[in-house]
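Structure first, then comments.
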Amino acid sequence: MTNPLFDRLFGQHAESEAPFLRLADDAIVTHRDFLNRTAQFAHALTKQGLSAGDRLAAQVEKSPEALVLYAACVQTGVVFLPLNTAYTVDELTYFIENSGAKTVVCDASRADGLAPVATKLSARLETLNADGSGTLTELAADLPTSFPTVERSKDDLAAFLYTSGTTGRSKGAMLTQDNLLSNALTLAEYWRFTASDVLLHALPIFHTHGLFVATNITLAAGGSMIFLPKFDLDEMLRQLPKATAMMGVPTFYTRLLGDERFNRDLVSHMRLFVSGSAPLLAETHLRFEERTGHRILERYGMTETNMNTSNPYDGERRAGTVGFPLPGVELKITDPATGANLEQGEVGQIEVRGPNVFKGYWQMPEKTAAELREDGFFITGDLGRIDEDGYVHIVGRNKDLIISGGYNIYPKEIEQVLDAQPGVLESAVIGLPHEDFGESVMGLIVAKPGEQPDIEEISGNVRKVLARFKHPRVISIIDELPRNTMGKVQKNVLRERFAEFRDQSVKS
Ligand code: MCA
Ligand code: AMP
């Protein structure tokens, strides 16, 4: 093969007239249409001077063309760097600079804000809008509908996905062709995807879940996706009768269960419901089964590793667990202090190794060495145990992380912003239980002696620099932060103390 990821996922369908994307207005994009447009975009990228190994950063709304852009990057060997549409210019500046992206593609509404950044960092700026229009589409319009696929090997980079860390600075996880391809093929087989599958796709396509798990599996099997711009309850209920499978974060499932129209009849024909990205409460799993007769299949993954474990397709899907290591993936539980293997049943840190595990963090050898062992095991930062039947249970996190509606939020990043505000001595950011999003963000600040920080002003400043989903829903001033004898802030104490804010956070 010349380019394993492209050939196996995309190229093999070049002559297929079967549907690939089914859009909300019932229009259909066949595999062949999709590949023709991919070739045109590939020519456009090449004309811009992009070549294999260059990075392309894309902050674009979900659309068929946005997916075409991903495919064109794979076909040309350009490293694709998808970015959350909620990111502010401040956040984007870091990603563009750190990755050394040669081209930035954004929505036209964002172009004015990003132009100075692109100029400063010597990147080209192109636009691609939610309706598929834009300068990139114009550039591609009259170009040939076939493109000589650029040769790549399985260890070449295919994508960078940025993931924050406990230090607050995002790290570019380098994913190879084989990381993506091996996982897609394994999952397609494990979850029995075929060309007859119609996947209901309402996830964003700038994260592993929506881009690699959902899309790559569908492509591997030659199936199709009902491709919705975002999760919209009415639209989901309208489309479910046409789907055979659905993937979502737990919020999708709790929102569906919150609507009486979501009942057994609506989904009796469905083959599979998959959940991941955040813990699915055992209670949600059980309510779902009661309502529909289906057992949600929960799996566990990370940006750095794609998917690691899954509940079985056949056999018991056990509520509150993430199932077994996938074929080809090794998983062990180790002592966080020593790294020694722990006995079955004991709680420790989860480590994984396999073809799915990334190559390291872009230009961060020290961070890579701290998390990716020389023997290939990646330290996930999740705490878990393996039960007597081999099911993996995630029981907590060894990292300071909040997951809200499936988005990861690193408190450190928000604390750095709060600490820099007028009148603020120090801060702590915690996650509180939230009915819809699972967790929501609360900011606690300590004032400098004799000063009175202005919460309104601080909230306004936070809005300027951080994406909306990271904003604390509540900011409170407290006298001091509780610390242990080592001087470390005791966030568990804060979470207990502010548990009563739960209701307030639900309303916000
Ligand atoms: C939107 N808002 C959020 C979130 N989403 N706030 C916190 N957390 C969120 N996740 C903001 C909106 O900007 C809005 O702000 C307000 O909250 C209410 O928005 P709402 O309309 O209710 O939200 P929505 O647009 O319906 O979105 C909620 C959502 C969405 C559908 C749950 O967040 C979503 O699609 N999440 C999926 C994320 C995902 O794909 N995660 C996978 C990554 P305002 O107050 O201004 O109106 S993890 C991954 O890939 C790993 C590897 C894995 O294992 O899968
Ligand atoms: P990300 O940084 O977006 O790759 O998120 C990865 C993190 O999401 C993991 O390290 C886990 O903490 C969490 N996660 C993903 N899937 C699950 C799941 N099924 N149950 C619990 N946590 C999960």
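The values are calculated or read from the model by the stated rules, or taken from the named source; none is laboratory data. Source: prediction; values computed, not measured. Cβ coordinates were reconstructed from backbone atoms using ideal geometry, including for glycine residues, and neighbour counts include every protein chain displayed.
Name the single residue, out of those in the range 319-342 being among the β-branched types (Val, Ile, Thr) and assigned to a strand (DSSP E or B), that is nearest to the chain's Cα centre (by Cα). Residue satisfying both the conditions and the ranking: Ile333.
Of the residues making up the range 218-273, those that are over 19 Å from Thr284 (Cα atoms) and either of a type in the set (S, T, N, Q) or within 16 Å of ligand 2 (Cβ to nearest atom) (or both) are Thr218, Ser224, Gln239, Thr244. Evaluated against (1) more than 22 Å from Gly315 (Cβ to Cβ); (2) within 16 Å of ligand 1 (Cβ to nearest atom); (3) not in a loop (DSSP other than H, G, I, E, B), Tyr253 falls short on exactly one condition, (1). For the range 418-447, a residue qualifies if it is small (Gly, Ala, Ser), farther than 22 Å from Ala202 by Cα and not in a loop (DSSP other than H, G, I, E, B), and the qualifying residues are Ser427, Ala428, Gly431, Gly443, Ala447. Scanning the range 383-406 for residues that are within 16 Å of ligand 1 (Cβ to nearest atom), at negative phi and either in contact with a His (Cβ under 8 Å, 6 or more places away or on another chain) or polar (S, T, N, Q) (or both) gives Gly384, Ser404. Considering only residues of the range 61-88 that are buried (at least 24 other Cβ atoms within 10 Å of the Cβ) and β-branched (Val, Ile, Thr), which is farthest from Pro204 (Cα to Cα)? Within the range 61-88, the match that is farthest from Pro204 (Cα to Cα) is Thr76.
In this structure, Glu415 does not satisfy being away from ligand 2 (no atom under 16 Å from the Cβ), modelled with pLDDT of 95 or more, surrounded by fewer than 18 Cβ atoms within 10 Å (Cβ to Cβ) and not in a strand (DSSP E or B). Here Leu69 does not qualify as under 19 Å from Ala221 (Cα atoms) and in a helix (DSSP H, G or I).
Filtering Leu175, Leu185, Leu181 for residues that are in contact with a Phe, Trp or Tyr (Cβ under 7 Å, 6 or more places away or on another chain), within 25 Å of Glu151 (Cβ to Cβ) and in contact (Cβ under 8 Å) with a residue 12 or more places away in the chain leaves a single hit, Leu175. For the range 358-412, which residues satisfy the criterion of being of a type in the set (Lys, Arg) and in a loop (DSSP other than H, G, I, E, B)? The answer is Lys359, Arg373, Lys399. Going through the range 312-328 one residue at a time, which ones are in contact (Cβ under 8 Å) with a residue 40 or more places away in the chain and within 14 Å of ligand 2 (Cβ to nearest atom)? Once the filter is applied, which keeps residues that are in contact (Cβ under 8 Å) with a residue 40 or more places away in the chain and within 14 Å of ligand 2 (Cβ to nearest atom), the range 312-328 yields Arg318, Gly320, Thr321, Val322, Gly323, Phe324, Pro325, Leu326.
Remark: pairs (first residue in the range 276-290, free of Cβ contacts under 8 Å to residues at least 12 places away in the same chain; second residue within 15 Å of ligand 1 (Cβ to nearest atom) and aliphatic (A, V, I, L, M); Cβ separation under 7 Å; 6+ apart in sequence or on different chains) are absent. Residues that are of a type in the set (A, V, I, L, M) and more than 14 Å from ligand 1 (Cβ to nearest atom) within the range 258-295 comprise Leu266, Val267, Met270, Leu272, Leu281, Ala282, Leu286, listed in sequence order. Pairs linking a residue in the range 461-476 that is touching a residue at least 12 places away in the same chain (Cβ under 8 Å) and more than 15 Å from Ile403 (Cβ to Cβ) to a residue that is among the charged types (D, E, K, R) and in a helix (DSSP H, G or I), with Cβ atoms under 8 Å and 6 or more positions apart or on different chains, are Lys464/Asp90; Val465/Asp90; Val465/Glu91; Leu466/Asp90; Leu466/Glu91; Leu466/Glu413; His471/Arg463. The residues of the range 299-318 that are assigned to a loop (DSSP other than H, G, I, E, B) and closer than 21 Å to Glu371 by Cβ, listed by number, are Thr303, Glu304, Thr305. Only one of the numbered conditions (1) more than 25 Å from Phe252 (Cα to Cα); (2) touching a residue at least 12 places away in the same chain (Cβ under 8 Å) is not met by Gly396, and that is (1). The one condition from (1) aliphatic (A, V, I, L, M); (2) touching a residue at least 60 places away in the same chain (Cβ under 8 Å); (3) part of a loop (DSSP other than H, G, I, E, B) that Leu50 does not meet is (2).
Right, Met174: in contact with a Ser or Thr (Cβ under 7 Å, 6 or more places away or on another chain), farther than 24 Å from His285 by Cβ, modelled with pLDDT of 95 or more and crowded, with 18+ Cβ neighbours inside 10 Å or not? Spelling it out, it is not the case that Met174 is in contact with a Ser or Thr (Cβ under 7 Å, 6 or more places away or on another chain), farther than 24 Å from His285 by Cβ, modelled with pLDDT of 95 or more and crowded, with 18+ Cβ neighbours inside 10 Å.
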